[in-house]
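Got a structure for you, written out below as structure tokens; questions coming shortly.
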Amino acid sequence: MLRFLRQQMPRWLVALTISECALLMLGVHVSMYLRYIRVPAEYAAFSQGLLLRSAIFALCVMTGMAALGLYQPHVRETPSGVLLRQAVGFAIGGVLLVLLYYAIPQIYIGRGVIGLSLFFGLLLVCAFRVWFLSLIDSEMLKRRVAVLGAGQAATAVHRWLSDPSNRRTLNLVGYIPVGNDAVCVPQNQLISISGSLFQWALQHDIAEIVVGPDDRR
């Protein structure tokens, strides 16, 4: 599972999106139960078609978060900044829900349930995202990448990786010198291999080998 998630950046983003959608839907179900826990008859009446209505709720909230860039692979904000954008995203989602309920009254779930759902959903999504992003940042989940070449083109990769957000989903193993090209990257990041490059990549679990433009042969 970990190897599947770290192979390509979009995969962990898909996993995050699906998980948050499920949590938002769960929040609606919990909120509906708590709102009508003492009135079984009303709970039975309002909970009809709840799966569809909870999915619509989740879609509206996630649309609000997506509008603020919370489903982009590179997030260049502090955790507090991300949490703030999540709160604003939930507010946008709430507005979308109100407009949608006016247009389609049949999917309305009640003011009390909406308020509880937004509250529980925000708590669940914030807690899950903090945990999930800490998992993404762990070394075991990052794609292991090597750069073929250590010349001038490799310095562009080195500069790009100086941004911490660009290292979120990958772990640079090092640079593999090619021929007699001048070395322009730190010496401690050079890799010396013998034998087949393909076999070496398999043995060291390398997900991708990047080739610089002036190192193509």
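Anything in region 56-99 that is modelled with pLDDT under 90 and of a type in the set (Val, Ile, Thr)? List them, or say none.
75, 78, 82, listed by residue number.
Take region 105-116 and flag every residue that is open to solvent by 30 Å² or more (accessible area, probe 1.4 Å) and modelled with pLDDT under 90.
Answer for region 105-116, where residues must be open to solvent by 30 Å² or more (accessible area, probe 1.4 Å) and modelled with pLDDT under 90: 105, 106, 108, 111, 112.
Could you tell me whether any residue of region 74-84 is among the aliphatic types (A, V, I, L, M), in a helix (DSSP H, G or I) and loosely packed, with under 14 Cβ neighbours inside 10 Å?
The answer is yes; a qualifying residue exists.
What do you reckon, is residue 141 at pLDDT below 85, of a type outside the set (Ser, Thr, Tyr), open to solvent by less than 50 Å² (accessible area, probe 1.4 Å) and touching a Leu at 6+ places or on another chain (Cβ under 6 Å)?
yes
Hey, can you tell me all the residues within region 144-174 that are at pLDDT below 75 and β-branched (Val, Ile, Thr)?
The answer is 169, and nothing else.
Of the numbered conditions (1) open to solvent by 30 Å² or more (accessible area, probe 1.4 Å); (2) under 14 Å from residue 129 (Cα atoms); (3) at pLDDT 90 or above, residue 26 fails exactly one; give the number of that condition.
(2)
The values are calculated or read from the model by the stated rules, or taken from the named source; none is laboratory data. Computed from a predicted model, the values in this text were never measured in an experiment. In this analysis, Cβ positions are derived from the backbone assuming ideal geometry, glycine residues included, and neighbour counts consider all displayed protein chains. Surface accessibility is based on the protein's heavy atoms, side chains included, excluding ligands, DNA and RNA. Shrake-Rupley method; radii C 1.70, N 1.55, O 1.52, S 1.80 Å.
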